[in-house]
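S.K.: The structure follows.
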Amino acid sequence: MSSADPRELIGTAPAVEEKALEAALRPKALEDFVGQSTVRTQLSLVLQSSRMRHTAADHVLLSGPPGLGKTTLAMIIAGEMQAALRITSGPAIQHAGDLAAILSSLTDGEVLFIDEIHRMSRPAEEMLYIAMEDFRVDIIVGKGAGATSIPLELSPFTLVGATTRAGLLPGPLRDRFGFTGHLEFYSPEELQKVLRRSAGMLDMQVSTGGFVEISSRSRGTPRIANRLLRRVRDWALVHGVALVDDSAASEALDTYEVDSLGLDRLDRAVLEALCTKFRGGPVGLSTLAILVGEETETVETVAEPYLVREGLLARTPRGRVATEAAWEHLGLTPPPPRDEETSPLWNG
Ligand SMILES: Nc1ncnc2c1ncn2[C@@H]1O[C@H](COP(=O)(O)OP(=O)(O)O)[C@@H](O)[C@H]1O
Ligand SMILES: [Mg+2]
């Protein structure tokens, strides 16, 4: 990724070179998993019960935005069950045959993790229904009138599915999960715990104020928190700062253009264009995208969700609108309300 990439710091997908770093910071046990107390309690019951009954755990579906800990939880589930873990993803399973090969090679109690499970092909999905319910796959041999299906017994396994879009999952598939955990964005306090743990592992000295500062810019997301922490570490190392306090953290993150709400250059460009060029809107998404020099899709999927969640931007049928909080955050004064008669809405 080039340093000009606006998403380098606060994008939610892990960069390629980041995956190894993430693995090192991943909690290995459920009790080290910070926050998400509802999911943690429920999951712990599911796992304990199946351990007591000496069976494979029920299938688990984990849903929630990127970077909140779905992959981490899948690994923890395997660890807690002392089971082997097989990892694949929806896009990797395009043919039912790919899935049959994986399923038939699973050993008793093994955990199969399918990331982005909503992106699996339909035939593979249908094979998965039966496999989840009856631990069986039907292999079709031959073609046309002579085709026969041969049932193949599978070892009992636990499927852990992860999705950022639970709504895209077909009902029959969703219904076959014994337990669904919805991961929520983390509170600043929870993020501080994540950061404290990571700082310990990275051998960094950070004051409470330093943790508070970094957590407030992390968009409720552990992946981003850990990433910002590593950038603060770089800054501190180069500047010879042994203890990162609030002002050091804030200076470091200002250098990387991540502001006090965790907005980066693109987020701010969108808000600024909206406020300064369109008096706060409403304005169409594509116009907005052109103004900030980005693809419409980037603005819609990358910048907008967080701006909406933070109450800085609203989607209306007439277009995007900057909220009062947006003007305030940018340090700008909203213009006086427009005379309805001259508003474009009424002029057509
Ligand atoms: N509850 C948590 N406690 C501590 N670290 C976490 C937690 N959730 C996520 N992380 C960290 O955030 C990073 C991204 O988590 P990951 O499980 O890959 O997210 P997802 O699969 O939902 O995109 C990992 O490095 C992980 O260590
Ligand atoms: Mg993941």
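Every number here is computed from the coordinates shown, using simple stated rules; none is lab data. In this text, all values refer to a predicted model and were calculated from it rather than measured experimentally. Please note: Cβ atoms are built from the backbone with ideal geometry, for glycine as well, and neighbour counts cover all protein chains shown.
S.K.: What is the P(r) of the range 188-255, as percent of Cα-Cα pairs per 10 Å bin from 0?
M.R.: 25, 64, 11
S.K.: What is the range 265-347's relative contact order, in percent, from Cα pairs under 8 angstrom and six or more apart in sequence?
M.R.: Numbers: 91 pairs, mean separation 25.4, N = 83.
Worked out over the range 265-347, it gives 31 percent.
S.K.: Another one. Got a sec? Which residues in the range 145-170 would a label at Asp108 touch, if it sits 7 Å along Cα→Cβ and we count backbone N under 15 Å?
M.R.: The answer is 154-158.
S.K.: Among Ser260, Ser63, Ser50, which one moves the most in a GNM of the chain with springs linking Cα atoms closer than 10 Å?
M.R.: Looking only at Ser260, Ser63, Ser50, the largest GNM fluctuation is found for Ser50.
S.K.: Still on this model: Take every Cα pair under 8 Å in the chain that's 6+ residues apart, average their separations, divide by the length, and report that relative contact order as a whole percent.
M.R.: Relative contact order here is 15 percent.
S.K.: Please work out, to two decimal places, the log10 of the ratio I(q)/I(0) at q = 0.14, 0.18 Å⁻¹ from a Debye calculation in which every Cα of the range 150-277 carries one identical scatterer.
M.R.: For the range 150-277, the Cα-only Debye profile gives -0.73, -0.94.
S.K.: Roughly how large, in nm² to one decimal, is the mean projection of the convex hull of the alpha-carbon atoms in the chain? Mind dumping the intermediate values first?
M.R.: Details: hull surface 90.4 nm².
Here the figure is 22.6 nm², rounded to one decimal.
S.K.: Amide H to amide H under 5 Å from Glu110: which residues, 5+ apart in sequence or cross-chain, H placed 1.01 Å off N in plane?
M.R.: Thr158
S.K.: Related question: Under 8 Å for C-alpha pairs, at least 6 residues apart: give me the relative contact order for the range 36-182, rounded to a whole percent.
M.R.: In percent, rounded to a whole number, it is 34.
S.K.: Another question, if that's okay. Give the lysines reachable from Lys70 as a straight Cα distance under 16 Å; neighbours fewer than 8 places away on the same chain don't count.
M.R.: Here the lysines satisfying the reach criterion relative to Lys70 are Lys19, Lys28.
S.K.: Given a Förster distance of 51 Å, report the FRET efficiency between Ala92 and Arg279 from their Cβ-Cβ distance, rounded to the nearest 0.05. Don't skip to the answer; put the middle values down first.
M.R.: Values: r = 48 Å, r/R0 = 0.93.
Rounded to the nearest 0.05, the efficiency is 0.60.
S.K.: Turning to a different aspect of this structure: Test of understanding: extend the Cα→C-beta vector of Ala242 to 7 Å, then name every residue of the range 189-222 with backbone N under 13 Å from that spot.
M.R.: Only 205-206 fall inside the zone, counting backbone N under 13 Å.
S.K.: For a Förster distance of 56 Å, can you work out the FRET efficiency between the beta-carbons of Thr333 and Val141, rounded to the nearest 0.05? Could you put the intermediate results ahead of the total?
M.R.: Working: r = 73 Å, r/R0 = 1.30.
For Thr333 and Val141, the calculated efficiency is 0.15.
S.K.: Pop out the Kirkwood hydrodynamic radius of the range 265-347 from its pairwise C-alpha distances, inverse of mean 1/r, in Å to one decimal.
M.R.: 12.8 Å
S.K.: Take the Cα atoms of the range 1-102, find their three principal axes, and give me the spread along each one in whole Å, biggest first.
M.R.: Computed over the range 1-102, the largest-to-smallest principal extents equal 54, 38, 22 Å.
S.K.: For Glu153 and Met52, what does the FRET efficiency come to when R0 = 30 Å and r is the distance between their Cβ atoms, rounded to the nearest 0.05?
M.R.: 0.75
S.K.: Run the dipole for the range 36-182 about the Cα centre, Lys and Arg Cβ at +1, Asp and Glu Cβ at -1, nothing else charged, and hand back the magnitude in debye, nearest 20.
M.R.: 320 debye
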